[in-house]
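Colleague: Starting off with a structure, shown below.
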Amino acid sequence: MSSDRDIGIMDIIVNPMKVTLKQFFKSTFGKPTTVMYPLEKRDPPPTYRGMNAVIWDLCIGCGICGEVCPNKCLKMKPTELSDEEQDRAWYGSHVAKRKNKAERPAINFGHCMFCGFCEDYCPTGAMTMTDFYELADTTREGLIYPARSMKVDLPELPQLPLTNYMMESPILNSETCIGCSKCVDNCPTNCIIMDEGVINKELKNGTVRNVENPYFDYTICIGCSTCVKVCPADCLHMEPISNSSSSGLTEEGEVTEA
Amino acid sequence: MAEMWISMGPQHPMTHGLWTLKVKVDGETIVDADPELGYLHRSVEKMGERRKYFMNTTLTDRLCYASSTTWTHCYALSVEELMGVEVPQRAQYIRTIMLELQRLASHLMWAGAYMPDLGHITGALYFWRDRELFLNLLELPSGSRLLYNYIRIGGVKRDLPDGFEEKTERILKLFEQRLDEYADLFENSKIFRMRTEDVGNFTASQAMNLGITGPNLRGCGTKHDLRKHDTYEIYEEIDWEIQTREAGPGYSDCFSRYMVRIDEMRESVHIIRECFKNMPSGPTMASKVPIRASGEAFRRTEDSRGEALMYLVGDGSDRPYRWKIKSPMFTTISACPHYLKGYKVADIPSIMGSIDICIGETDK
Amino acid sequence: MSLFSFCRWMAEWTANYMLIPVFNFQRNLFPPFSHPAGTIADWLGTDGGLDTLAWTFAVNIAFAIGMTNLILVIHLERKIAARIQDRRGPMLSFRSFRELGEDLAGEAPSWRFKDNYSGIGILQNMADGIKAITKELIVPSKADKFLFTMGPIIFISSSVFLLVLFPLSDRFAASSAPAGLMVIMAAFSIAPIGVLTSGWASNNKYSMIGGMRSAAQLMSYEIPLLLSMAGVFLLAGSFDPVTIVEQQQESTWLFGLPMWNFIPQFLGFIVFMICILAEVERVPFDLPEAEAELVEGWTTEYSGIRYMLFLAAEYIRGFAGAAVCTILFLGGWAGPWPIPPEIWFLSKVYLILIFWIFIRWTVPRIRTDQILELGWKKLLPLSLINILIVIFMVEIYPYFSDVVNLPEVF
């Protein structure tokens, strides 16, 4: 190895200076490594994780991006959609049917650390990260980007299958279900239907009636756990179900642990 | 001159982070030293207990900004043991490549930070210029330049992009050429040797007693590397050797610690080439990754700075019940009175720089 | 016409036509208070008064030249350092001015520059100067305020004083004292007092260690420095720069080339180069202000224009050191005819400066004990050997030259 040779008097100044002189001439007559930043910019790779952008036509407002955000800097904001946007939306017809307003993500970039989880876990591919990185602002308020400012329109929409990256799906405890169908109203992918459930169930107020229970289509369930959050009777909980292997309507007890 | 205490830090060029070194000097000679840690404590372990398993890779990235992939990998290994996830073969190869690229970047970061300690600004810029090459490589698949978040539980985020192997090979060739070029400027320079040789000595047995691991221990001539001894990923399948150096029989000085890292960089280049040689095809992510786990898991890996240990307890929920990180630098810095005494004030940056301080992982 | 005689002429003109009439007018205007002004007016007409005025002019001219020169030296250092480190160095000053204008006026100013902004990085020095001037002068609350203020004054004034002392050529010289080089070395050794003063007065441990280091280093390097210069003085038989340069021109060797002192006294040249490098505190001998362990040493507590003037003074000392080296060993302003001697002198000085810049960005800093060891154990004996060689050349060799018949090198 070159470093094992004897060190002589030439190694005080002369030999080290050979290296620097060589570099001096190389960068004087060639091109230095650095770039003049505001004038020249380097090209980020296509995978670059820069500022977020949301393809609104693909977004179904499920809120998974806010769920997986480690810093909780991403929040779903109720947004008024215009008729045209309503029509173009992938699940547009369904959005119109829902009782609640459509929700779209808004990001506080002062807290964002660009980890890319929102992009990775988005079930429809609506959340994307651009190669734009010059986000500096003079105020903290300027870093809060409202939902509409994140909107991008693509001329051609990639039609991706719904994917459950959360690896979990809701399970119903039919004994406590009161059949309010709130989960159906709020499900962003319309994967729940109400059907025949417990017959002659005795409710708390003493009345006895037939209660409809929700049934889940796990092929299009994205594991967003919205139904669990809105359930007034706490009859739903999340359990690991691999959506690629199991499909069809399943109820508690039939599922094997993943 | 009478004896006096000098407080170096928390804001001091020598510290490479936030910590205080109090030294008692007699004239210019160090009589006693007292390190003070904890300025950068962010309670990573407690924060991790509030987040889901998969979210914690962002925290482990930030344990040490110079070597984020290795720490994330240690976390991913321990969570995979906890959950019993089998990582596909291709993902293991990609992980090994990424780990070695990260080790190169980390060692270059260290070498660049070490040179200004000796008053050699040019060295910093040379090494950091080369580090840029590896950051460019790491950026290609992960999409970020510093905090990659690329290694995930159960595999890696995405497959390597097209042309990655050719780009890597080109950069590795350039890097090896440059390392040979730098030999005259650094390790063969007389003044560099005057500053580093026979300074900051500790013996191998002393190092083991004090818990000093990694390149600092290998600088004493001890062949200890967890990549071989507690092997993980594909390190046992490929052909490589543990690099050691010693200043004398069984002890190290700043120069041997410098040289062992330079040798390790050459070895990392070799490992990356070996990985590309027999890389299988297949998936890069395990098919089933649960998000809940119970039980306990413990893994240790060879970080760029020594042994990284992680201990995890799960209680069946989707968040860890207890998470403990053991950082190699915590013990090494705490042992600094043992190898600082008797040297000059001007040697402090030279010695403390040579052990490769990273305060992020030390204070957690 | 020498610089001093030009200044003397200017002083006479100013005294006769501007200052003395004003003082006389004042004496007539306020008879009761006439005495002091009258004394000044009387004194201005004398030789001493005119000399003082002439010196003031000379120092001001030297200061202006020195400061202009400084910008060039600093720019040179920045650019060469950048090229060594594979960077570009300061490039975009006009752009920042333009952006400042945009900030202040709200729109881009009417003057625009071409998109390639290269070659105007020298304005970066102006920007740095403006920034340093506008910064607050902080005096630590527990510092010795008088000495804290005096330290920079001693250091900077002694450095600026250096600029007046060395001649650019035999015709362009502010002073032509017979003991010129001795005065220069005396001015060089005032600075350690300022360094020690400001290091102590800062009431900061880093500063004090830096000051002590500087004092130890400068004192131990003074001796080999002067001893290595002694050889040149022996050969020339004078301390006068003009005589030394003339002596170097007169003695010839191969092909009738002038034998500049670095050929016969190569040992002395090497020792002098190392010592003057330590004297002006440049890398690898800049340990009084080692930024890695002492956080800029004795300048730690200084801010604003004081800190900038410290830096400026160091560059001035570097320039002066290179100039002394040129006079002593590189034949001063001597050179082939078409190029004027001042240009020759400056180009030699700049060559040495560039060499120093290369050293600075090539080697690390060495340690305190090593630097003292080098000074006392290596350089001192070497400089003594050099004196022995010179004594042999000057005193003993001429007696035996007929007998021994050495080749005509010396």
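The values are calculated or read from the model by the stated rules, or taken from the named source; none is laboratory data. Treat the numbers as computed from the prediction; the structure is a model and nothing was measured. Please note: Cβ atoms are built from the backbone with ideal geometry, for glycine as well, and neighbour counts cover all protein chains shown.
Colleague: Considering only region C:357-370, state which residues are touching a helix residue (DSSP H, G or I) at 6+ places or on another chain (Cβ under 7 Å) and surrounded by fewer than 21 Cβ atoms within 10 Å (Cβ to Cβ). Steps first, please.
Modeller: So in region C:357-370, the residues touching a helix residue (DSSP H, G or I) at 6+ places or on another chain (Cβ under 7 Å) come out as C:357-358, C:361-368, C:370.
Answer for region C:357-370, where residues must be touching a helix residue (DSSP H, G or I) at 6+ places or on another chain (Cβ under 7 Å) and surrounded by fewer than 21 Cβ atoms within 10 Å (Cβ to Cβ): C:PHE358, C:GLN370.
Colleague: Test of understanding: among A:ARG140, A:ARG49, A:ARG104, A:ARG88, which residue is more than 27 Å from A:PRO161 (Cα to Cα) and either among the charged types (D, E, K, R) or within 11 Å of the chain's Cα centre (by Cα) (or both)? Before the answer, list the steps.
Modeller: Numbers: A:ARG49 fails: more than 27 Å from A:PRO161 (Cα to Cα); A:ARG104 fails: more than 27 Å from A:PRO161 (Cα to Cα); A:ARG88 fails: more than 27 Å from A:PRO161 (Cα to Cα).
Of A:ARG140, A:ARG49, A:ARG104, A:ARG88, the one residue that is more than 27 Å from A:PRO161 (Cα to Cα) and either among the charged types (D, E, K, R) or within 11 Å of the chain's Cα centre (by Cα) (or both) is A:ARG140.
Colleague: Mind checking whether some residue in region A:152-167 is of a type in the set (Asp, Glu), in contact with an Asp or Glu (Cβ under 9 Å, 6 or more places away or on another chain) and farther than 23 Å from A:TRP56 by Cα? Lay out the reasoning, then the answer.
Modeller: Step one: filter region A:152-167 for residues of a type in the set (Asp, Glu), giving A:153, A:156.
Next, from what is left, pick out any that are in contact with an Asp or Glu (Cβ under 9 Å, 6 or more places away or on another chain): A:153.
With farther than 23 Å from A:TRP56 by Cα added as a condition, the list becomes none.
No.
Colleague: How many residues does region B:133-144 hold that are more than 17 Å from the chain's Cα centre (by Cα) and at negative phi? Please lay out each step first, then the result.
Modeller: Quick first cut of region B:133-144, residues more than 17 Å from the chain's Cα centre (by Cα) only: B:133, B:136-137, B:139-144.
Now narrow it down to the ones that are at negative phi: B:133, B:136-137, B:139-142, B:144.
Going through region B:133-144 one residue at a time, the tally reaches 8.
Colleague: Output the residues belonging to region B:147-192 that are at the interface with chain A (Cβ under 8 Å from one of its Cβ atoms) and of a type in the set (Lys, Arg).
Modeller: B:LYS157, B:ARG158, B:LYS190
Colleague: Within region A:17-113, considering only strands (runs of 3 or more DSSP E) that don't extend past its boundaries, which have at least 2 residues that are in contact with a Leu (Cβ under 9 Å, 6 or more places away or on another chain), at pLDDT 85 or above and of a type outside the set (S, T, N, Q)? Step through it out loud before you land on a result.
Modeller: On the way: elements: A:52-55, A:74-78, A:103-108.
It comes to A:103-108.
Colleague: For region B:110-126, enumerate the residues that are more than 10 Å from every other protein chain (Cβ to nearest Cβ) and surrounded by fewer than 23 Cβ atoms within 10 Å (Cβ to Cβ).
Modeller: B:GLY112, B:ALA113
Colleague: Out of B:SER144, B:SER78, I need the residue that is in a helix (DSSP H, G or I) and either hydroxyl-bearing (Ser, Thr, Tyr) or within 14 Å of chain C (Cβ to nearest Cβ) (or both). Which one? So that I can check it myself, show each step before the final result.
Modeller: On the way: B:SER144 fails: in a helix (DSSP H, G or I).
The unique qualifying residue is B:SER78.
Colleague: Tell me the residue from A:LEU39, A:LEU21, A:LEU81, A:LEU58 that is over 30 Å from B:MET55 (Cβ atoms), touching a residue at least 12 places away in the same chain (Cβ under 8 Å) and among the aliphatic types (A, V, I, L, M), please. I'd like the intermediate steps shown before the answer.
Modeller: Working: A:LEU39 fails: touching a residue at least 12 places away in the same chain (Cβ under 8 Å); A:LEU21 fails: touching a residue at least 12 places away in the same chain (Cβ under 8 Å); A:LEU58 fails: over 30 Å from B:MET55 (Cβ atoms).
Result: A:LEU81 is the single residue among A:LEU39, A:LEU21, A:LEU81, A:LEU58 that is over 30 Å from B:MET55 (Cβ atoms), touching a residue at least 12 places away in the same chain (Cβ under 8 Å) and among the aliphatic types (A, V, I, L, M).
Colleague: Let me ask something else about it. Considering only region A:165-180, I want to know if a residue exists there that is within 14 Å of chain B (Cβ to nearest Cβ), over 15 Å from the mean Cα position of the chain (by Cα) and part of a loop (DSSP other than H, G, I, E, B).
Modeller: No: zero hits.
Colleague: Do we find that B:THR231 is surrounded by fewer than 16 Cβ atoms within 10 Å (Cβ to Cβ) and under 12 Å from B:GLU302 (Cβ atoms) in this structure? Write out each step before concluding.
Modeller: On the way: surrounded by fewer than 16 Cβ atoms within 10 Å (Cβ to Cβ): yes; under 12 Å from B:GLU302 (Cβ atoms): yes.
Criteria met by B:THR231.
Colleague: Now for a different question. Under the condition of being buried (at least 24 other Cβ atoms within 10 Å of the Cβ) and aromatic (Phe, Trp, Tyr), which residue from region B:37-77 is nearest to A:LYS72 (Cα to Cα)?
Modeller: Only one residue fits best here, namely B:TYR53.
Colleague: What is the number of the single condition among (1) touching a Gly at 6+ places or on another chain (Cβ under 7 Å); (2) over 30 Å from B:GLY48 (Cβ atoms); (3) more than 13 Å from every other protein chain (Cβ to nearest Cβ) that B:GLU307 does not meet?
Modeller: Only one criterion is unmet by B:GLU307, namely (2).
Colleague: Something else: Look through C:VAL283, C:VAL295 and report the one residue that is outside any helix (DSSP H, G or I), at the interface with another protein chain (Cβ under 10 Å from one of its Cβ atoms), hydrophobic (A, V, I, L, M, F, W, C) and under 20 Å from the mean Cα position of the chain (by Cα).
Modeller: C:VAL283
Colleague: Can you tell me which residues in region B:6-18 are in contact (Cβ under 8 Å) with a residue 24 or more places away in the chain and at the interface with chain C (Cβ under 9 Å from one of its Cβ atoms)?
Modeller: Across region B:6-18, the qualifying residues are B:ILE6, B:MET8, B:PRO13, B:MET14.
Colleague: Could you list, in sequence order, all residues of region B:1-19 that are modelled with pLDDT of 85 or more and within 21 Å of the chain's Cα centre (by Cα)?
Modeller: Within region B:1-19, B:LEU18, B:TRP19 qualify.
Colleague: Further question on the same structure: State all residues of region C:320-379 that are under 29 Å from B:GLU28 (Cα atoms) and among the charged types (D, E, K, R); if no residue qualifies, say none.
Modeller: Hits for region C:320-379 are C:ARG360, C:ARG365, C:ARG367, C:ASP369, C:GLU373, C:LYS377, C:LYS378.
Colleague: Among the residues of region A:23-52, count how many are more than 8 Å from every other protein chain (Cβ to nearest Cβ) and more than 30 Å from A:LYS75 (Cβ to Cβ).
Modeller: Number of matching residues: 10.
Colleague: Does B:LEU174 qualify as being surrounded by 19 or more Cβ atoms within 10 Å (Cβ to Cβ) and either β-branched (Val, Ile, Thr) or in a helix (DSSP H, G or I) (or both)? Explain how you work it out, then say what you get.
Modeller: On the way: surrounded by 19 or more Cβ atoms within 10 Å (Cβ to Cβ): no; either β-branched (Val, Ile, Thr) or in a helix (DSSP H, G or I) (or both): yes.
No, not satisfied.
Colleague: Pairs please, first residue from region C:75-87 and within 11 Å of chain B (Cβ to nearest Cβ), second anywhere and part of a loop (DSSP other than H, G, I, E, B) and charged (D, E, K, R), Cβ atoms under 9 Å, 6+ apart in sequence or on different chains.
Modeller: Every condition considered, the pairs that remain are C:ALA81/C:ARG87; C:ALA82/C:ARG88.
Colleague: Can you pull out the residues in region B:343-358 that are of a type in the set (Asp, Glu) and within 13 Å of chain C (Cβ to nearest Cβ)?
Modeller: Quick first cut of region B:343-358, residues of a type in the set (Asp, Glu) only: B:347, B:356.
Within region B:343-358, B:ASP347 is the sole residue that qualifies.
Colleague: Consider A:MET167 carefully, then state whether it is crowded, with 17+ Cβ neighbours inside 10 Å, touching a strand residue (DSSP E or B) at 6+ places or on another chain (Cβ under 7 Å) and modelled with pLDDT under 80.
Modeller: Numbers: crowded, with 17+ Cβ neighbours inside 10 Å: yes; touching a strand residue (DSSP E or B) at 6+ places or on another chain (Cβ under 7 Å): yes; modelled with pLDDT under 80: yes.
Answer is yes for this residue.
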